[in-house]
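Enquirer: The following block contains the structure, expressed as structure tokens.
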Amino acid sequence: MTSETDLIERGAAFLGVPVRHAGIFSAGSAITASIAGAAGGATAGEIIVHGVEEGAIDDAVSSTLGDAAGGIVAGASAVAGARAAREAAAAAEGMTPAILVALTDSSCVIMDWNGDAGSGTGPTRVIHSLVLADTDLEFGKIGVNRKVTMSDGDTIVSFTGALGLLSSGKEGKRDVLRALGHPQA
């Protein structure tokens, strides 16, 4: 499990400056992409299974087993579709699906992260660094996820983080969001 203290230490060691708060977030459009990818993946899985089912399964018992298999395939396809969509959306933004967001005394630094909010490796590169005094912030909420959009005139970057009861790494995310001024942190 990756703690906020561990993330602060990793960020500070990589950047060579003190880090006040750090958390693992999702790249900006990853939530929307995950939902679309899951729906698309589940639909593709259903089409494949029902195509096989109609051609090969005739009696009621086999049909019931086919429906169970269809649910399993659709579920697995939804997970695969969500992951592929998240990765593609993050890559289009020049980011990784999971990002390490670190706050220094004057900046918000977004770095790559290989993993998720509970575990992983990184950082290995700085994706964006925005001077807080020169950055406009917008806040939003999508379910248990809090969204931040930052703009300094040249760069626009957004990220989301879940703060639900069972969300991994929520302490670090909450501290980053509070320090940025998110009203729903």
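The values are calculated or read from the model by the stated rules, or taken from the named source; none is laboratory data. Everything numeric here is computed off the predicted structure, so don't read it as measured data. Because the Cβ atoms are built from the backbone with ideal geometry, glycine has one as well, and the counts that use them run over all protein chains shown.
Enquirer: Collect the residues in segment 120-174 that are hydroxyl-bearing (Ser, Thr, Tyr), touching a Lys or Arg at 6+ places or on another chain (Cβ under 8 Å) and farther than 13 Å from Val101 by Cβ, keeping them in residue-number order.
Expert: Ser167
Enquirer: Next question, about the same structure. May I ask you to list the residues in segment 142-171 that are more than 14 Å from the chain's Cα centre (by Cα) and either of a type in the set (D, E, K, R) or in a strand (DSSP E or B) (or both)?
Expert: Thr149, Met150, Ser151, Asp152, Asp154, Ile156, Glu171
Enquirer: Going by the conditions given, is Lys141 over 20 Å from Ser3 (Cβ atoms) and either of a type in the set (Asp, Glu) or assigned by TED's automatic domain parsing to the domain that holds Arg10 (or both)?
Expert: Judged against the criteria, Lys141 is a match.
Enquirer: Hey, among Ala102, Ala117, which residue is closer than 19 Å to Val19 by Cβ, in a loop (DSSP other than H, G, I, E, B), assigned by TED's automatic domain parsing to the domain that holds Arg20 and among the small types (Gly, Ala, Ser)?
Expert: The match here is Ala117.
Enquirer: Right, here's the next one. Checking Arg174 against (1) more than 19 Å from the chain's Cα centre (by Cα); (2) closer than 17 Å to Gly11 by Cβ, which single condition isn't satisfied?
Expert: Going through the list (1) more than 19 Å from the chain's Cα centre (by Cα); (2) closer than 17 Å to Gly11 by Cβ, Arg174 breaks only (1).
Yes/no matrix, rows are residues, columns are (1) touching a Phe, Trp or Tyr at 6+ places or on another chain (Cβ under 9 Å); (2) surrounded by 15 or more Cβ atoms within 10 Å (Cβ to Cβ):
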| residue | (1), (2) |
| --- | --- |
| Leu100 | yes, yes |
| Cys108 | no, yes |
| Asn114 | no, no |
| Thr124 | yes, no |
| Asp154 | no, no |
| Leu163 | no, yes |
